[in-house]
Amino acid sequence: MSRSGSGQTDPSRGPYIAVITNRSTTLVIRGFMLFSIGVFLALVLNLLQVQRNVTLFPPDVISSIFSSAWWVPPCCGTASAIIGLLYPCIDCRLGEPHKFKREWSSVMRCVAVFVGINHASAKVDFANNVQLSLTLAALSIGLWWTFDRSRSGFGLGVVIALLATLSTQLLVYNGVFQYTSPDFLYIRSWLPCIFFAGVITMGNIGRQLALYECKLMSEKTHQD
């Protein structure tokens, strides 16, 4: 922070600027924002899945106004925070800063496309599950191509989608919940596509929040 000649902190900067330019604090703030976004999307998207009878939860674990198990939103929020913080970190580690379509309007369009893909998985009727899965796979890759196009983004999306699919298989196997008409072991074959699209979406949100933090830090440096 800038200081006056007497060595005191410039009062014109105020405590707010001092707080938001602290890296640890901004990391916590970003994590909380990503967690909140993940919880909100989980509630909205899971409502769609439950209403269309794609996922079924036992009555004794239904404990929210959106007819979802209580643990679903916190789990999705935590995963969203981890993904959103991990993407800019990986970009930094690889020395490949993501510069493609870095504006909030693009991020909002990405979220809208992700919601649309999820909506299609629950509502659009296809001749068979293979056709649905291939269509959603194409849409998910199209989302990555339109809003990301980074190799790190694609690779991380695939890895996390596979891990999330495996975790879901284990949850269904242990009777935590179930899918109607499973065609890929215990789940629906299009689920990895939804996970991949979700990872790309949260990665873009995390990158944009990190970019905003970098701008604040840059402004602080110039003012100092």
When both residues are 6+ apart or on different chains and their Cβ atoms are under 7 Å apart, which pairs have a first residue that lies in segment 193-211 and is surrounded by fewer than 23 Cβ atoms within 10 Å (Cβ to Cβ), and a second that is charged (D, E, K, R) and not in a helix (DSSP H, G or I)? 208/102; 211/102
For segment 143-154, enumerate the residues that are open to solvent by 30 Å² or more (accessible area, probe 1.4 Å) and either touching a helix residue (DSSP H, G or I) at 6+ places or on another chain (Cβ under 9 Å) or not in a loop (DSSP other than H, G, I, E, B) (or both). 144, 145, 146, 151, 154
Please find, among 127, 112, the residue that is exposed (fewer than 13 other Cβ atoms within 10 Å of the Cβ) and either touching a strand residue (DSSP E or B) at 6+ places or on another chain (Cβ under 7 Å) or at pLDDT 85 or above (or both). 112
Is it the case that some residue within segment 196-217 is over 25 Å from residue 27 (Cβ atoms), at pLDDT 85 or above and assigned to a helix (DSSP H, G or I)? yes
Output yes when any residue across segment 146-164 is closer than 18 Å to residue 37 by Cβ and in contact with a Phe, Trp or Tyr (Cβ under 6 Å, 6 or more places away or on another chain), and no when none is. yes
Applying the selection to segment 126-184, what residues are of a type in the set (Gly, Ala, Ser) and over 19 Å from residue 111 (Cα atoms)? 127, 133, 152, 155, 164, 167, 175, 181
Any chance you could count how many residues in segment 90-104 are assigned to a helix (DSSP H, G or I) and open to solvent by 60 Å² or more (accessible area, probe 1.4 Å)? 4
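Okay, residues lined up against (1) surrounded by fewer than 19 Cβ atoms within 10 Å (Cβ to Cβ); (2) out of contact with any Leu (no Cβ under 6 Å at 6 or more places or on another chain); (3) modelled with pLDDT of 80 or more:
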position	(1), (2), (3)
38	no, yes, yes
41	no, yes, yes
44	yes, yes, yes
66	yes, no, no
Give the residue, chosen from 121, 140, that is crowded, with 21+ Cβ neighbours inside 10 Å, at pLDDT below 85 and assigned to a helix (DSSP H, G or I). 121
In segment 155-183, which residue that is part of a helix (DSSP H, G or I) and open to solvent by 70 Å² or more (accessible area, probe 1.4 Å) is farthest from residue 87 (Cα to Cα)? 173
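The values are calculated or read from the model by the stated rules, or taken from the named source; none is laboratory data. These numbers come from a predicted model, not from an experiment. Heads up, the Cβs are rebuilt from the backbone with ideal geometry, glycines too, and the neighbour counts pull from every protein chain shown. The accessibility values were calculated without ligands, DNA or RNA, using every heavy atom of the protein model including side chains. Shrake-Rupley method; radii C 1.70, N 1.55, O 1.52, S 1.80 Å.
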